[in-house]
1. I'm trying to understand the selection: among the residues of segment 359-377, which are loosely packed, with under 12 Cβ neighbours inside 10 Å and assigned to a loop (DSSP other than H, G, I, E, B)?
2. Quick one: count up the residues across segment 73-88 that are among the hydroxyl-bearing types (Ser, Thr, Tyr) and surrounded by fewer than 18 Cβ atoms within 10 Å (Cβ to Cβ).
3. Could you list, in sequence order, all residues of segment 246-267 that are loosely packed, with under 14 Cβ neighbours inside 10 Å and among the polar types (S, T, N, Q)?
4. Scan segment 463-470 and tell me whether some residue there is crowded, with 19+ Cβ neighbours inside 10 Å, hydrophobic (A, V, I, L, M, F, W, C) and out of contact with any Leu (no Cβ under 7 Å at 6 or more places or on another chain).
5. Which members of segment 345-358 meet the condition of being assigned to a helix (DSSP H, G or I) and either in contact (Cβ under 8 Å) with a residue 24 or more places away in the chain or in contact with a His (Cβ under 9 Å, 6 or more places away or on another chain) (or both)?
6. Under 7 Å between Cβ atoms, at least 6 apart or on separate chains: pull out the pairs that start in segment 505-525 with a residue that is more than 16 Å from Ser544 (Cα to Cα) and end on any residue that is of a type in the set (Asp, Glu).
7. Hey, does segment 233-245 have a residue that's surrounded by 13 or more Cβ atoms within 10 Å (Cβ to Cβ), free of Cβ contacts under 8 Å to residues at least 40 places away in the same chain, in contact with a helix residue (DSSP H, G or I) (Cβ under 9 Å, 6 or more places away or on another chain) and assigned to a helix (DSSP H, G or I)?
8. Name every residue in segment 49-72 that is surrounded by 18 or more Cβ atoms within 10 Å (Cβ to Cβ) and either outside the structural domain of Lys113 (by TED's automatic domain parsing) or out of contact with any Leu (no Cβ under 7 Å at 6 or more places or on another chain) (or both), in order of residue number.
Amino acid sequence: MDIFLKSFKSLFFIILIAITGTAAAQNKPAPSVTNNEADLVLYYNKFFNEFKIISNIDGTKTLDNNEALDRRGYSYCFVLFPDTYKNLGNPDTTQEIFLNEVEDTITRLYGKKQIKNRSTECINGNDFIGHNTANVVIIQRKAVPLLAGLQEFSNFELFSELKLENLKLAIKKNEEAQQKRANDEKLWASDIEKYASSDNFEKLGSITLSYKIQQDSALKICTSEYAGPVSQAISVYGEGVIFYTSAIFRKNAVKAEATFNKTRPYSTVFKNIDSFYKEYQRDNSACHVYVDFPKNLKQLMTAIERDQKAKAYEINTLVNVVELRETWAKKQGFNNLSDLDFAAQIGATPKVLATLNSNGISDKTTYEQILNEIRAAKYGEGKNLTEVMSYLEDKNSASKKNGATATSIKKEREAKLEKEAQIEKERLAEAQRIRNLPLTKATLNPSLEYKYYNDGTCTDSSGERCLNINQYKQICDFANGFTKRVRRGLGVYYNGDYSEFLSAGGTATNISYGWNGKTCVISFNITGTFKGTSHDKKFTGIVSTFVVTTSKEVLIDSAFFQ
């Protein structure tokens with residue numbers, strides 16, 4: 001891992017700096033005698049504005065939020081005596097832990113916001129070049145005096161420290177986490193083997209297939225198609241799948257600034273495990289993590305080991321399906337999984353189920369009891385949830401009225417509704433009778449359009465009145481002219497300049513309109529010169545709309561021309 005300088009493992013470059021560096025002493029914070037010389041001291045370069053530390057009103061320090069830092073991130077380098085840390089364990093692991101601690105320190109200073117970073121060189125030959133390359137220099141405390149005397153180090157200011165004992169604790173914690181992960185993987189592998197012998201849906205798990213994550217890309221989480229209760233478990237597992245993967249996978253995802261949509265975790269849902277494996281062979285980067293039940297996971301693991309001659313996967317956490325469905329139930333608004341299953345049986349929403357629970361109905365047995373009660377009270381047939389909810393409401397009302405029962409409350413309500421329905425029926429009948437009275441010019445309303453469609457599609461509105469056939473004949477007989485809109489309607493059937501000519505040009509002659517025995521018709525000729533040629537064309541249309549002037553003059557306003 002390219003995190004530390006290569007000298008972390010071999011070169012003692014600090015000694016060379018001490019020999020060749022300039023002696024211009026600077027006023028730098030002097031290490032306390034109680035500090036361990038192996039502590040790490042963090043300095044930042046005040047010359048680079050993108051990494052700028054400022055004070056809060058209470059005197060605490062914070063890393064200034066700015067677009068440059070968000071966009072470019074910061075660069076860092078280490079200055080260490082490598083042999084100091086050789087007894088801490090694997091150098092690669094040690095350098096990773098050191099960097100993690102540095103990143104966590106800076107992230108906290110930034111307000112728990114992840115920041116991009118990159119490694120750079122601090123030393124070139126015998127010279128310190130960090131002042132030109134690094135925003136942050138992480139220095140072993142023992143090396144601080146050697147750098148403090150350099151002119152090139154004058155722009156650096158201490159902003160944090162990492163104690164060796166804390167670094168050792170971080171390394172120990174990491175070792176314990178790795179050991180726990182290894183133990184867990186053995187347990188998960190054993191469970192997969194145990195449950196793979198049958199179509200067992202007791203546990204759900206996943207395997208990581210690729211650590212290669214493209215920068216700024218979406219994580220590819222895949223599964224196979226399932227329905228019913230187990231699909232609920234798959235949905236919840238997918239939402240938390242990142243936390244079931246190993247630390248190294250999560251770290252790679254963070255480094256790549258990968259995106260993950262928790263509400264839609266699966267990038268691809270395959271028809272079955274076979275279709276997934278075929279796609280995986282075509283492109284082994286098609287899926288970072290595959291989620292499924294033990295039988296399919298075992299098949300996939302076996303196929304990968306067979307075809308790739310290696311264990312090219314990592315087993316992730318197996319979770320109890322009941323536990324996952326319990327989470328699903330609560331996300332849907334239910335108190336627990338039992339409520340979810342009961343609601344599914346009777347088709348109840350969380351709100352309806354809460355009402356049932358408040359009335360002592362919490363399972364299928366008590367639900368059947370209330371259905372029997374409905375039938376015994378002759379309230380109804382006792383067959384569905386709608387009837388149950390109505391019964392409970394009426395039963396509650398009856399409890400507040402002496403001598404009343406749910407059945408009597410229902411009958412009272414039905415009688416009232418029947419009476420109201422009869423009144424409304426009579427009102428509508430009277431309105432229809434009045435509406436169908438013959439028209440008179442005196443009662444025509446200038447604010448309405450009067451319409452008739454022979455296909456029955458006309459509907460009344462605030463500005464429109466539909467006519468029956470007799471009224472249509474009457475208003476047709478009342479007509480005493482037509483509006484400009486009638487001629488403009490001709491243009492619908494033609495294009496270009498000729499349409500404009502028919503709409504407004506020439507002269508309308510031979511105008512006639514009236515009832516032809518079946519419908520109201522209008523006819524006229526448009527005569528005139530169009531593009532140097534005389535035109536005389538007859539139009540006949542079926543009238544559909546009439547308007548009324550303030551002086552009660554009826555005009556034809558639109559027609560369907562043939």
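1. Selection gives Gly360 alone.
2. Filtering segment 73-88 down to residues among the hydroxyl-bearing types (Ser, Thr, Tyr) leaves 74-76, 84-85.
Checking which are surrounded by fewer than 18 Cβ atoms within 10 Å (Cβ to Cβ) leaves us with 84.
Going through segment 73-88 one residue at a time, the tally reaches 1.
3. Thr259, Asn261, Thr263
4. Within segment 463-470, one or more residues are crowded, with 19+ Cβ neighbours inside 10 Å, hydrophobic (A, V, I, L, M, F, W, C) and out of contact with any Leu (no Cβ under 7 Å at 6 or more places or on another chain).
5. Step one: list which residues in segment 345-358 are assigned to a helix (DSSP H, G or I), which gives 345-346, 350-358.
Result: Ile346, Val352, Thr355, Leu356.
6. Once the first residue is more than 16 Å from Ser544 (Cα to Cα) and sits in segment 505-525, its partners that are of a type in the set (Asp, Glu) give Asn525/Asp536.
7. We begin by selecting, within segment 233-245, every residue surrounded by 13 or more Cβ atoms within 10 Å (Cβ to Cβ); these are 233-242, 244-245.
Retained after the next criterion (residues that are free of Cβ contacts under 8 Å to residues at least 40 places away in the same chain): 239-240, 242.
Next, from what is left, pick out any that are in contact with a helix residue (DSSP H, G or I) (Cβ under 9 Å, 6 or more places away or on another chain): 239-240, 242.
Add one more test, that the residue is assigned to a helix (DSSP H, G or I), and what stays is 239, 242.
So far as segment 233-245 goes, yes, one or more of its residues are surrounded by 13 or more Cβ atoms within 10 Å (Cβ to Cβ), free of Cβ contacts under 8 Å to residues at least 40 places away in the same chain, in contact with a helix residue (DSSP H, G or I) (Cβ under 9 Å, 6 or more places away or on another chain) and assigned to a helix (DSSP H, G or I).
8. Residues of segment 49-72 surrounded by 18 or more Cβ atoms within 10 Å (Cβ to Cβ): 51, 63, 69.
Scanning segment 49-72 gives a single hit, Leu69.
The values are calculated or read from the model by the stated rules, or taken from the named source; none is laboratory data. All figures in this text were calculated on a predicted structure; none of them were measured in a lab. Positions of Cβ are backbone-derived with ideal geometry, glycine not excepted, and every protein chain shown enters the neighbour counts.
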